[in-house]
1. Output the residues belonging to the stretch 134-152 that are over 10 Å from Gly241 (Cβ atoms) and either under 17 Å from the mean Cα position of the chain (by Cα) or β-branched (Val, Ile, Thr) (or both).
2. For the stretch 45-63, enumerate the residues that are over 23 Å from Lys149 (Cα atoms) and of a type in the set (A, V, I, L, M).
3. Could you please let me know if Ala105 is surrounded by fewer than 19 Cβ atoms within 10 Å (Cβ to Cβ), without any contact (Cβ under 8 Å) to a residue 12 or more places away in the chain, outside any strand (DSSP E or B) and not assigned by TED's automatic domain parsing to the domain that holds His318?
4. For the stretch 152-244, which helices (runs of 4 or more DSSP H) that fit wholly inside it have 3 or more residues that are within 30 Å of Thr319 (Cα to Cα) and touching a strand residue (DSSP E or B) at 6+ places or on another chain (Cβ under 6 Å)?
5. Please specify each residue of the stretch 240-285 satisfying the condition of being closer than 27 Å to His354 by Cβ and hydroxyl-bearing (Ser, Thr, Tyr).
6. Filter the stretch 195-224 down to the residues that are among the aromatic types (Phe, Trp, Tyr) and surrounded by fewer than 19 Cβ atoms within 10 Å (Cβ to Cβ) and list them by number.
7. From the list Ser202, Ser228, Ser245, Ser269, pick out the single residue that is at pLDDT 95 or above and in contact with a Lys or Arg (Cβ under 9 Å, 6 or more places away or on another chain).
8. Kindly indicate whether any position in the stretch 141-148 is basic (Lys, Arg), surrounded by fewer than 16 Cβ atoms within 10 Å (Cβ to Cβ), at pLDDT 95 or above and assigned by TED's automatic domain parsing to the domain that holds Leu251.
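The values are calculated or read from the model by the stated rules, or taken from the named source; none is laboratory data. Just so we're clear, the structure is a prediction, and the values are computed from it rather than from any experiment. Because the Cβ atoms are built from the backbone with ideal geometry, glycine has one as well, and the counts that use them run over all protein chains shown.
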Amino acid sequence: MEKLRAKLLAFPAADLNTFSRGKKKLQSIFLPERVEYVDKDPEILVFLTGGSERIALQSVSEHGFFLLLASKENNSWAAATEVKAWMNQNNVSSMLLDYTSALTAEIIDNLFDVKNGLTRLKGQRFGLVGEASDWLVNSFIDPFIIKTKLGIDQINIPWTEINLESSGSIAPDFLAFFKGSCPNSLTNAGNIYEMLLRVVSSYSLNALTVECFSVINRCNATACLALSKLCMDGIAAGCEGDTCSLLGMMLAKELFGVVPWMANINHVSADELLFSHCTIPANLLQDFSLGTHFETGKGLAIKGKIKANEVTIVRFDHTLSKIFIGVGRVVDIPYQKTTCRTQLAVKVTPATSHYFSHNPLGNHHLIIPGNYVVGFNMVACMLRMARV
């Protein structure tokens, strides 16, 4: 893991004691396994005194993200404010924090996770199997943008290159996990799982998204269970060829160790949202059963209850220049037969409800059990995404 790089700043004539005292004050938030002190190319600028503005600017590059830390002592906040204003004016991404605040330690931990997660994403490959579904008119990202912004390669895989014939062997853990279903339907779902595993191996993929309705039409079976199991295996796997959602799934997996649920937004009221979909990483559920796919009535789909009291809601736009980050409290609802099988209702703020009604970035949103708002705020800063 690559450490964060921090530089201590003081007025030019400051003595060594100034820096020694500064390091002592930072011991609780600068863990040695996560942060190192440097003179060049820092990501964290620590203002110990006033008069350090010019020195700080010597370490600033146009395309970086900088965490500015200061306190109420020795005019350090005054110096940091001047530098923050310069950065804002010159379009340099930055965040100013009080290093004596308890929240700062959490932000530094998240910055460490995000920095290393983004580094791990560079060089990864995902497969687009088939095409993006026709109804996804605002969820396809130009592969050049993906490569430029995240360092991830998109591999286009036509269905004509895929062998849909049964391999004759299905992983025992797949059959055991989804036991209790109609044997023929489970075998068909298992064959699709094995087929997608072969695709991952043959193309050296880290993730994939599948034009899943083509599978239903050609095999009379769904990919819902296969995608769920792949996500549980640590391979981000989405449906409908939605690259916006898949990239968010890949990012959350590398940064926070969880593959999110990609869900439809089914209804918006003043303070409540309803989400649903027929596939979900089953390890996110406290219990589940299997039924047929909602839109087609074929194959197998997952009906379950998410294992969370609070969830984070995330969505990128189709240019990777905007991000929505929200949080909601899970509420119980009666099951509805007119939406996809796994369903979730969350209480939200009026601002979140307004976003979904007036300025949504698309239909599919990612749902992650727990609160990852601080981490995704770091993502927005480091990738220069505007929050909506």
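1. Of all residues in the stretch 134-152, those over 10 Å from Gly241 (Cβ atoms) come to 135, 137-138, 141-152.
Result: Val137, Ile141, Ile145, Ile146, Lys147, Thr148, Lys149, Leu150, Gly151, Ile152.
2. Correct list: Leu45, Val46, Leu48, Ile55, Ala56, Leu57.
3. Working: surrounded by fewer than 19 Cβ atoms within 10 Å (Cβ to Cβ): yes; without any contact (Cβ under 8 Å) to a residue 12 or more places away in the chain: no; outside any strand (DSSP E or B): yes; not assigned by TED's automatic domain parsing to the domain that holds His318: yes.
No: the conditions fail for Ala105.
4. Per the criteria, 224-232.
5. Thr243, Ser245, Ser269, Ser276 - these are the residues of the stretch 240-285 that are closer than 27 Å to His354 by Cβ and hydroxyl-bearing (Ser, Thr, Tyr).
6. Within the stretch 195-224, the first condition is being among the aromatic types (Phe, Trp, Tyr), and the residues that meet it are 203, 213.
Selection gives Tyr203 alone.
7. Working: Ser202 fails: in contact with a Lys or Arg (Cβ under 9 Å, 6 or more places away or on another chain); Ser228 fails: in contact with a Lys or Arg (Cβ under 9 Å, 6 or more places away or on another chain); Ser269 fails: in contact with a Lys or Arg (Cβ under 9 Å, 6 or more places away or on another chain).
The conditions single out Ser245.
8. Keep residues of the stretch 141-148 that are basic (Lys, Arg), which gives 147.
If we keep only those that are surrounded by fewer than 16 Cβ atoms within 10 Å (Cβ to Cβ) too, we end up with 147.
Remaining after also requiring at pLDDT 95 or above: 147.
Cutting the leftovers down to assigned by TED's automatic domain parsing to the domain that holds Leu251 gives us 147.
The answer is yes; a qualifying residue exists.
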